[in-house]
Amino acid sequence: MISIVIPVYNSWDTVELLLRSLQKSIYKNFEVIIGDDASRTEKPKELLRRNLTIVRLPLNMGPAAARNVAAKKAKGKVLVFLDSDVTVYPDTLGNIAKKFTDDPDLTALTGVWDKHQRSHDFFPQFKALRDWSYWINERQSDGYYYLFSTRIAAIKRDVFVRLSGFNEAFRQMEDVEITYRIARRYAIIFAPDVRVHHEFEGFAAVARKYFWRSFYWSRLWHVRRKFDPVATTVWESLAAVSGVAVVLVLFLVFLSYLSDLGDLRYLGGSLGIFFLLHLFLVRKFLLFAYREKGAAFMLKSLLTGIALYCFIAAGSLYWIISSYISTQIRLPRGK
């Protein structure tokens, strides 16, 4: 049997959709445990009639805590973590169970969102294609472990218990933090046939998430001092830096034009270099977007990606400033 763990915070409507998709699963030997992160909204009556376990936290403590408290009630040998806003395909659970049955040495795996969206809005379609390309087209060929992504991931329960679960101090990056701890001893395989569907939010909501994930990732990087296939690679970081550099140089060109100061030829040359570098670094995604949606979508995706990189850079900068300020406060006077 496998145990499905779902964290919930005021998202009972999406959980209902997830539970309906689980009912359609070909594989039936599973239990569902919901970790209620002190939701303020009432559970739908139809939800309460389902055969599942709900564990409620007394205070809102974040998804890591909700997953941990739910996992403690699990009886299955394999824990499957799902976000509350995804739906599974009929073969999703069966594919997970088969992989653990066929390979006794398998410890953990992670799946993927599919690339399709019911929404016709640009940004949800962009985000779905961006993530799909990242996982399918752009991953490092020598990366031996992958992000233990809680949208859809599975791990042997005894290993999860031995690791003491998710670190509840990382409310935005608990998946990355536990990935590092798993990977010290075990490989996390990427299973592209383990899929879930997710309808993405708009630009503002995703940009806010990127900001805070970058903030917490910077904290992790400061400790590890290492790029890897989990949170970001060197090339992905360079893509972010080059994208932000394009925006900064454009801003300097605008200021120089208004004030008639500075050498616009020099700034124009710098802009060209950074822009070409950025195009080279994101070329795989742009070609993928072109094949999927055409030239206009590709160009809009290029600009949207640069805008998101600015939020990522802002999150890292905020961590640097916060860390510096906290260090100065801790220093004794006169030092």
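FYI, it's all coordinate maths here, none of it is from the lab. None of these values were measured; they are calculated from a predicted model. Cβ atoms come from the backbone with ideal geometry, glycine included; neighbour counts cover every protein chain shown.
Rounded, prolate or oblate: which one fits the range 2-200, using the alpha carbon gyration tensor with axes a ≥ b ≥ c (rounded when a/c is under 1.5, else prolate when a/b beats b/c, else oblate)? Judged from the Cα gyration tensor, the range 2-200 comes out rounded (a/c under 1.5).
What 222 nm value per residue comes from the helices of the chain, counting each DSSP H run with n ≥ 4 as -39,500 (n - 2.57) and dividing by all residues, nearest 500 deg cm²/dmol?
Helix-only estimate at 222 nm: -17500 deg cm²/dmol.
Apply the membrane-span-like helix rule to the chain: whole DSSP H runs, Cα extent along the own long axis of at least 27 Å, mean Kyte-Doolittle hydropathy at least 1.0. List the helices found. Counting only whole DSSP H runs, the qualifying helices are 234-259, 295-330. The alpha carbons of the chain occupy a box of 71, 61, 42 Å along the principal axes, longest dimension given first. For T87, neighbours were defined as the other residues whose beta-carbon sits under 12 Å from its Cβ, and their charges (Lys and Arg +1, Asp and Glu -1) total 0.
The Stokes-Einstein estimate for the range 81-181, based on a Kirkwood radius over Cα pairs and taken at 25 °C with 0.890 mPa s viscosity, is a diffusion coefficient of 160 µm²/s. Taking the fewest neighbouring Cβ atoms within 10 Å as the starting point, the ordered list for S21, S164 is S164, S21.
Taking the DSSP beta bridges with both ends in the range 2-200, the antiparallel portion is around 35 percent.
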